[in-house]
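What follows is a single structure, written as structure tokens, with notes after it.
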Amino acid sequence: MTETPLVEIRNLHIEGRRGRVWSPIIKGVDLVLEPGKVLGLVGESGAGKSTMGLSAMGYVRPGCRITGGSITFDGIDLTKANEPVLRDLWGRRIAYVAQSAAASFNPAHRLLRQHCEAPRDHGLARELDPYRDAIDLYRRMRLPDPEHIGERFPHQVSGGQLQRMMTAMAMSCRPSLIIFDEPTTALDVTTQIEVLESIRRIVREFGTAAIYITHDLAVVAQMADEIKVMRYGETVEEGPVQQMLHAPQQEYTKSLWSVRALKADDPQVLQGGEPRIELSGVSAAYGATKVLDNINLKIAAGRTTAIVGESGSGKSTIARVISGLLPPKSGEVRIDGTKLAPDYRSRSRDGLRSVQLIYQMADTALNPRKTVGELIGRPTTLYLGLRGAARTQRIRELMQMVDLDPDRFMHSRPGDLSGGQKQRVGLARALAAEPSVIICDEVTSALDQIVAVGVLKLLADIQNKLGVTYIFITHDFEVVEAIAHDVAVMQRGEIVAQGPKETVLNEPLHPYVAELLRAVPQRDENWLSRATAERRETQTT
């Protein structure tokens, strides 16, 4: 017989308000989850995945309301439950693991203290010692130095460690249900393996049911028993993992693999010539901590060079050095043969204009109080002196170049835009300076795969039209395949391999490059088990 569902959602309707207008977000969706099972929720940005996951807690975000349907958790109708009942369930019976652990922990308190709050607040301290249990959970999550890591503050551990500590904290009250909301999206591939393996193991050990929200079918296939694909607030398709991976019925489900089909143009047909950017003997540090060690790198004009590696390898530090945000301790940076001042404050206006950055998190990179027109227009005035009608015309041209309708979005603010639209604004703002080099720092890592494909295609089209040089910082080898012509692989502040993509990513491989390639999620439900075993074997030899 089928077990009684732990979570049962029937014909759920949720609306969201913008101004005075209410619009549907979830349109009659069903969801059933049995105890100890894991359901994957997959779809692009705006599909309703997170709204659906939060509804399983009986929670809707401010500005949203449930207008129909039922939500039952272990026999309790959450749509009718009062606040004391919900607050007793949250943390004790139902836990939530957010996408950004760094934004979810209190930076002013030690990790162990924060871990122990929930079991104490819910009166569980008598049944188990929260401190000893925390250390045991840290050990189960394979965190380094489990006896003492909890004494650190959030900024003193890596992103992958912090994500695992958040999962341990979610398990502190032994909940029946955990909602994982994109917990590995911003992690590099090797760290992602550690986090995925730790999450899967602890969920199985404790028999916890889970809803795993993601935009990546390959990732969710390692965690889930069944997968539900959503789009525009509706269910597109659902079924067992094997069926959804190897025999999806709907075209939309098949399109979730589209980024894997993208390939960069043959570099032989692109413009060659002298290096556009050249780093010679560059070393850099944050205080006493050395981050870059004797970096020598040449980046050709009109091409895309991908800089890849794990978190902490020094990828983003190279971007900061090139842009002048972090003066190097030694060495120099040249653009078209001319030495750039180490500090951006000492660079000429033309030197500043020539190198532009597009940041990973458009949410924090765009001033929420400015309109799209103001954000894009500022560089046109600062660097090119445009004002009045000439400035407005240039803004419209730039918006059209990045496929944003000027009539619709010119006066919108970042909060009114989707993730992909915000990144397009960031690209238009960078292009407004008419630079020769654009540094793209993990610009697709927070985007779903369909939106990421659109951004990558747009970048390639603009490069073909304008001949701009890209430095693409990423940990995603699928993105490397899609857009890069040359690759530099970093490990612990050094470049361990560099050259044309076909040379660096084909046999014979540098051992570290081989490790990174093994960590790329595959369309195979057994990939994580295989990759984890290979990783441990490599580490012990």
Task: Residues of the stretch 448-493 satisfying the condition of being under 29 Å from Pro511 (Cβ atoms), assigned to a loop (DSSP other than H, G, I, E, B) and open to solvent by less than 10 Å² (accessible area, probe 1.4 Å) - done: Ala484, His485, Gly493
TODO: Please specify each residue of the stretch 309-330 satisfying the condition of being part of a strand (DSSP E or B) and touching a Leu at 6+ places or on another chain (Cβ under 7 Å).
DONE: none
Open item on the list: Which count do you get for residues in the stretch 372-417 that are in contact with a Ser or Thr (Cβ under 7 Å, 6 or more places away or on another chain) and either open to solvent by 60 Å² or more (accessible area, probe 1.4 Å) or in contact (Cβ under 8 Å) with a residue 60 or more places away in the chain (or both)?
Closed with: 4
Task: All positions within the stretch 221-243 that are over 19 Å from Arg523 (Cα atoms) and among the polar types (S, T, N, Q) - done: Thr235
- [ ] Go through Arg391, Arg369, Arg408, Arg349 for me and flag whichever is in contact with a Phe, Trp or Tyr (Cβ under 7 Å, 6 or more places away or on another chain) and either at pLDDT below 95 or over 12 Å from Leu431 (Cα atoms) (or both).
- [x] Arg349
Open item on the list: For the stretch 281-326, give me each residue that is open to solvent by 20 Å² or more (accessible area, probe 1.4 Å), under 30 Å from Asn464 (Cβ atoms), over 24 Å from the mean Cα position of the chain (by Cα) and in contact (Cβ under 8 Å) with a residue 24 or more places away in the chain.
Closed with: Asn296, Ala300, Arg303
Task: Filtered residue count, the stretch 136-172, keeping only those that are outside any helix (DSSP H, G or I), in contact with a Leu (Cβ under 8 Å, 6 or more places away or on another chain) and open to solvent by 10 Å² or more (accessible area, probe 1.4 Å) - done: 3
Task: Breaking point among (1) without any contact (Cβ under 8 Å) to a residue 24 or more places away in the chain; (2) open to solvent by less than 50 Å² (accessible area, probe 1.4 Å); (3) farther than 19 Å from Ser436 by Cβ, for Ala341 - done: (3)
Open item on the list: Please go through the stretch 61-75 and give me each residue that is open to solvent by 40 Å² or more (accessible area, probe 1.4 Å) and either assigned to a loop (DSSP other than H, G, I, E, B) or in contact with a helix residue (DSSP H, G or I) (Cβ under 7 Å, 6 or more places away or on another chain) (or both), ordered by number.
Closed with: Arg61, Pro62, Asp74, Gly75
TODO: For the stretch 494-518, enumerate the residues that are open to solvent by less than 50 Å² (accessible area, probe 1.4 Å) and within 23 Å of Arg320 (Cβ to Cβ).
DONE: Ile495, Val496, Ala497, Tyr512, Leu516
Open item on the list: What's the number of the only condition in (1) under 30 Å from Ala514 (Cα atoms); (2) in a strand (DSSP E or B); (3) of a type outside the set (Ser, Thr, Tyr) that Ile178 fails to meet?
Closed with: (1)
Open item on the list: List pairs: first residue in the stretch 480-508 and on the phi > 0 side of the Ramachandran plot, second residue acidic (Asp, Glu) anywhere in the structure, Cβ distance under 6 angstrom, at least six positions apart or on different chains.
Closed with: Gly493/Asp293
TODO: Could you tell me whether any residue of the stretch 192-204 is farther than 21 Å from Arg523 by Cα and either within 15 Å of the chain's Cα centre (by Cα) or in contact (Cβ under 8 Å) with a residue 60 or more places away in the chain (or both)?
DONE: yes
Task: Selection count, the stretch 154-170, where residues are over 12 Å from Ser198 (Cα atoms) and among the aliphatic types (A, V, I, L, M) - done: 4
Open item on the list: List the helices (runs of 4 or more DSSP H) inside the stretch 497-541, counting only whole elements, that have at least 2 residues being modelled with pLDDT under 80 and within 17 Å of Ala221 (Cα to Cα).
Closed with: 527-540
TODO: Assess whether Ile322 counts as being closer than 18 Å to Ala497 by Cα, modelled with pLDDT of 95 or more and hydrophobic (A, V, I, L, M, F, W, C).
DONE: no
TODO: Please determine, by comparing only the residues of the stretch 85-135 that are part of a helix (DSSP H, G or I) and among the β-branched types (Val, Ile, Thr), which one is surrounded by the fewest Cβ atoms within 10 Å (Cβ to Cβ).
DONE: Val85
Open item on the list: For the structure I just gave you, tell me whether Leu292 is of a type in the set (A, V, I, L, M), in a strand (DSSP E or B) and touching a Gly at 6+ places or on another chain (Cβ under 6 Å).
Closed with: yes
Open item on the list: So, in the stretch 327-338, exactly how many residues are crowded, with 20+ Cβ neighbours inside 10 Å and on the phi > 0 side of the Ramachandran plot?
Closed with: 0
Task: Qualifying residue in the stretch 419-427 (condition: more than 21 Å from the chain's Cα centre (by Cα) and of a type in the set (S, T, N, Q)) - done: no
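The values are calculated or read from the model by the stated rules, or taken from the named source; none is laboratory data. All values derive from a computational prediction rather than experimental measurement. In this analysis, Cβ positions are derived from the backbone assuming ideal geometry, glycine residues included, and neighbour counts consider all displayed protein chains. Just the protein is used for accessible areas: all its heavy atoms, side chains included, with ligands, DNA and RNA removed. Shrake-Rupley method; radii C 1.70, N 1.55, O 1.52, S 1.80 Å.
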